[in-house]
1. What are the principal axis extents of the Cα atoms in the stretch A:237-351, in Å, biggest first?
2. Hey, got a sec? Which trypsin sites (Lys or Arg not before Pro) in the stretch B:117-173 land in a DSSP loop and have at most 10 other Cβ atoms within 10 Å?
3. How crowded by other chains is A:71-80, given as the mean number of beta carbons from other chains within 10 Å of each beta carbon?
4. Could you sort A:18-25, A:48-55, A:273-280 so that the peptide with the highest average Cβ count within 10 Å comes first and the rest follow in order?
5. Quick one: compute the contact order of the stretch A:237-351, relative version, from alpha carbon pairs under 8 angstrom and 6+ residues apart, as a percent.
6. Please list, by residue number, every one of the chymotrypsin sites (Phe, Trp or Tyr not before Pro) in the stretch B:170-207 that is coil in DSSP and has at most 12 other beta-carbon atoms within 10 Å.
7. Which entries in A:Lys104/B:Lys254; A:Lys132/B:Lys254; A:Lys104/A:Lys132 show an alpha-carbon gap greater than 21 Å?
8. Which whole number gives the average, over all residues in A:99-108, of C-beta atoms from other chains lying within 10 Å of the residue C-beta?
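Where a number appears in this text, it was derived from the coordinates with a stated rule and is not lab data. Worth saying up front: this structure is predicted, and the values here are computed from it rather than measured. Cβ: placed from backbone, ideal geometry, glycine included. Neighbour counts: every protein chain shown.
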Amino acid sequence: MAIVELEKLVKDYGKVRAIHGVDLRIEDGEFCVFVGPSGCGKSTLLRMIAGLEEISGGELRIDGQRVNEQRASERGLAMVFQTYALYPHMTVRQNLAFGLENIKTPKDEIARRVAEAARMLQIEAYLDRRPKQLSGGQRQRVAIGRAVVREPRVFLFDEPLSNLDAELRVTMRGEIAGLHHRLGNTMIYVTHDQVEAMTMADKIVVLRDGRIEQVGSPLALYNEPRNSFVAGFIGSPRMNFLDAVVEAVNERSVVARDASGARFEASVDGAGLEEGAAVSVGVRPEHVTFGREGGKPGTVQTIEQLGGNSYLHCVAEDGALLAAHLPGQTAIRRGDAVNVVFRPDFTHLFRKSDGMAQKRLVVGEAV
Amino acid sequence: MALSFLTLTRGRGRFDLADWLTWAYLVLALLLMFGPVLWVAMSSFKTEAALQEYPPTFLPLAPQTATVEGYDEPLQLFRVTAGEHEGKVLAQIRRVGLMSQMVDPADPSQKFQVNINDRVPEREFALATENYSVLFERFNFGLYFWNSVFITVVATIITVLFNSMAAFALSKYKFRGRTLVFVLIVATLMIPPTVNLVPIYLVVSQIGLVNSPWGVIWPAVATPTGVFLLRQYMLTIPDDLLDAARMDHASEWKVYWRIVLPLSAPALAVLVIFSVMWRWNEFLWPLIVLNRSEQFTLQLALNSFQGDLQTSWAPLLAMTVLTLLPITLVFAVLQKYITTGIAQSGVK
């Protein structure tokens, strides 16, 4: 059980700064996911918390105690690696017991905890095998088991599912989430896959270039992205963005017009916006509708029919690409002319100058 | 399976030119490599007299003797090749000038005079095992063997330990000057050993290690080859494993001892073979440091057989064979690691 606090945490590699003063507080028992594109510093940040990377500046506290100077072996955390990092010369049992042996746990206690973890993760049958003799999914379980037996204050996961196939990934995602419910420990999970982040997290931390872009619950990030980067990163397929200029600002909405003359109304706070300001209009594919008038005309280029869902990719007359996600199946065909309509309540508006979002006045799917 | 492998041909079902050349090359190489060894082994079972014989024989043959009634000593048998008694096998009683007085072993009453050029000694296959037993009875082989084993085993253990620790630091820790240190270590390969001889001797004698096995061991344990070999191999061990061990509360020593060392086994085996060969066959340095015969290694003892005036070849050859045996055994046990170890530590 532990609260992890990061205060102005900095990491320098020589003259290059990888982490730019990150502030974050992870509550006791929280499942926190670091997400971002590759090279954003999420793994570095995790390794700094683990103690595997030196902290160049700032303070890291676990349960209020500064641990900057503590070695990885002294912090009482456990980590699951992307490559699993199982000791190839030891059996599964020895792999699980290694950490406990190092802190001089009594033999019967080790045996008890190994048996318990093996039962929980269903790896009892492989306890005497070597990692080489296991499949990817089994290795993954052993790697998690090695963390579980230690009963650590905080679990750290470094992209643990990226080496598994798609089906297994979904299963393991559920198991890790189940593990969190059962154990209730604080967990920090790094991934570049926003679906993993959305499905598992209590709190998502979106990182870019060593800076935190936004922290919040999955739905908060989805509904109220702070800027166009977060809006584009969270949600799949990606949010549609159109360049436009502000035409009118009133109390309930802002109207913008793009180069082709199409008008979009967004139910957002117009504070700070003036007529003629450059903005980005954003609408998620699942909020795109097709109507007769008042939208942006275009042609359907490709259709992906998944049975339960349909994805349409349209090209507007001015060349802009727009994706739409329709529930169920659709009668629209490739080459059909459509009129893409954005509903004001689901339209986001971002300032072109700094990419920041205008506050939405109507939030949530329920409205 | 071995047979079907040996009879593989490049030509379909029959020998083509490549097969002939391959076989010829391999057989020639086999003769070149094993011929001398086999010759030494065979000769080690010959008596001193048989060794002096010309032309030499391949098999250890000893002159045949027979006990003849009326003579106390066994008499040597000869086959007569010319003259009136041609074809007979006779025992020689004594030799007088060019004539030899002989007797028929079957009928001791008959005596003959035979020209010594008309007879050849009868010989039989016999192993002169006394060459070996004399090593233990007169030459204190056990002591030299123990000296050699002690130096080889202790030096190898220390070599493996020191070199692997250096290699661990050079491959898995980032510190300023790491490359420089590594280059300096490898650069010592360029210094000929003879240049070091005098300075090292001065150091060893100042420390008072002359005439002690430690005087042979300490100067030899730090080998650039070993550090290089192990470092290259350890570079292939994923850092994640080390990090995982650190997360598992392992101290740096434990990371080295429990993770890195066991995983370097193939490279360690190669270094063990090298080190055993180096120390076991080492001659020049022990010759300089060890002056008292009770400290001699086998190689020095072998050298001491070679006197100014005469060399006792029979025990010398026997000791050579015994000296070869342990190293052959070590090689046979560890050889499967050599190719894998070198292959994996070289590239990648």
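1. 44, 25, 23
2. On the way: sites: B:Arg119, B:Arg123, B:Arg138, B:Lys172; in loops: B:Arg138.
Answer by residue number: B:Arg138.
3. Mean shielding by partner chains, rounded to a whole number: 4.
4. On the way: A:18-25: 17.9, A:48-55: 20.2, A:273-280: 14.8.
Answer by packing, highest mean first, reads A:48-55, A:18-25, A:273-280.
5. Working: 289 pairs, mean separation 34.5, N = 115.
That works out to 30 percent.
6. For chymotrypsin sites (Phe, Trp or Tyr not before Pro) across the stretch B:170-207 that sit outside H, G, I, E and B with at most 12 neighbouring Cβ atoms in 10 Å, the list reads B:Tyr173, B:Phe175.
7. Check vs 21 Å cut-off fails for A:Lys132/B:Lys254; A:Lys104/A:Lys132.
8. Details: counts 6, 2, 5, 7, 3, 1, 0, 0, 0, 0.
Neighbouring Cβ atoms belonging to other protein chains average 2 per residue here.
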